[in-house]
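As structure tokens, the structure follows; a few thoughts come after it.
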Amino acid sequence: MIMMNMPRSSNFGSSVLDEWEGFKSQHNKLYKNIEDENLHFGIFQETLKKIEDHNANYRAGLTSYLMGVNKFSDLTPEEFSKFLGLNSCENLLGNSLGENRSIRFEEHISSTDRTLPDRIDWRQKEAVLRVKTQVDKTCWAFAATGAFEGQNAIIHGKKIPLSEQELIDNCLSYGSSRRNGGDLIHAYQYVFHYGIQSEESYINKQQEEPVLHIEGYKTVKDTVKDLKDAVAFVGPVAVAMFADENTFKHYGTEFWDLYYNPDVKLNHAVLIVGYDQEPKPHWIVKNSWGADWGDNGYFKANIGTDSTNFARFGTYPIIK
């Protein structure tokens, strides 16, 4: 019999034990032994309290997003770190590329003669493919394929899921690691040199010709105007953010409001697929944690000022 703390009422169950059993069943949770389950049950209880307190603040108007229980609600920090994996972004600016790793990169130049639309959502234009689920510190690969898939759909009219696994398997020589994660630049370098196959052909080892090659990539200045311009007039943009282990992993809905902090290391790569002004200015962002996280795999992030926007180091591939 697993030793449980005293149950308490909550908004989504008659007791903590009921919630725990339902949680394990819903997310197919299995544990090594009694001690391991007790460890994760303790984390789950702390999570319930954290969510209740946070959502009370939401109802009081003190925060702009709701939190909820999800598949991460019992994870230790080490276990959750597998769902991050971004190491560095500075090398996107041309630093530390190494010998024979050269790749064309340019700065995105915002239009001076076009008016930004009030809203854009590339999902509605079928330039954003299904939400996938990353493991083992590979967010960088999923954000990159999202940017590749977007440009392939917009420029070539081809809506083909591309292979993150190909990037994960082959970017080791560029500096990525299955243990420590990787960088977006590694994905750009690999596809620049070798192209990338479809998800299906790579998994099935069909040895087909690459679906897509890129000619380089463009960086986007860390301003709201430039990022909006790139998203509106080019397509989905890969960005770096800080995914807070205490709050972001339990994002449920509404508007994420944790802004960029220069003192905190960016640890996660995601894909901005649009923005809107209603009911308040926000980005529409695709994550790589499965469609059962957040708002069907997406989240909305408040559009802040240039110094408080949630994301940094925007990039997209150059494709002809």
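Every number here is computed from the coordinates shown, using simple stated rules; none is lab data. These numbers were taken from a predicted model, which means no experiment stands behind them. Note: ideal-geometry Cβ built from the backbone for every residue, glycine included; neighbour counts use all protein chains shown.
Counting each DSSP H run of 4 or more residues in the chain as -39500 (n - 2.57), what helix-only mean residue ellipticity at 222 nm follows after dividing by all residues, to the nearest 500 deg cm²/dmol?
The helix contribution divided over the chain gives -9000 deg cm²/dmol.
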- Read-out Cα extents along the principal axes in Å, candidates (i) 56, 52, 35; (ii) 61, 45, 36; (iii) 62, 40, 38; calculated match is (ii)
- Rounded to whole Hz and in sequence order, give me ³J(HN,Hα) for the range 285-300 from the Karplus expression 6.51 cos²θ - 1.76 cosθ + 1.60, θ = phi - 60°, writing x for Gly and Pro. 10, 8, 9, 10, 10, x, 6, 8, 10, x, 9, 6, x, 10, 9, 9
- Sequence-distant residues sharing a close amide H with Tyr65 (under 5 Å, placed H): Phe255
- Step through the residues of the range 113-130 one at a time and calculate ³J(HN,Hα) from phi using the Karplus curve (6.51 cos²θ - 1.76 cosθ + 1.60, θ = phi - 60°), rounding each to whole Hz and writing x for Gly and Pro. 10, 10, 8, 4, x, 5, 8, 8, 9, 5, 5, 5, 9, 6, 9, 10, 8, 4
- Message: Can you classify the range 16-63 as rounded, prolate or oblate using the Cα gyration tensor, where a ≥ b ≥ c are the square roots of its eigenvalues, rounded means a/c under 1.5, and otherwise it's prolate if a/b beats b/c and oblate if not?
- Response: prolate
- Message: Using the Karplus curve 6.51 cos²θ - 1.76 cosθ + 1.60 with θ = phi - 60°, what ³J(HN,Hα) values do you get for each residue of the range 213-228, in whole Hz, with x for Gly and Pro?
- Response: 10, 10, 9, x, 8, 10, 9, 10, 4, 7, 10, 4, 4, 5, 5, 4
- Scan around Tyr316 for amide H atoms under 5 Å from its own, H built in the peptide plane at 1.01 Å from N, and keep only partners 5 or more places away or cross-chain. Lys218
- trypsin sites (Lys or Arg not before Pro) within the range 47-152, DSSP loop, no more than 11 other Cβ atoms inside 10 Å: Arg114, Arg130
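Once the other residues with Cβ under 13 Å from the Cβ of Lys50 are scored (Lys, Arg +1; Asp, Glu -1), what is the net sum? Working shown, then result.
Details: positive: Lys49, Lys249; negative: Glu46, Glu52, Asp53, Asp74, Asp244, Glu245.
Result for the neighbourhood of Lys50: -4.
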- What residues qualify as long-range amide H neighbours of Ser198, i.e. H under 5 Å apart, gap of 5 or more or another chain, H built at 1.01 Å from N? Val211
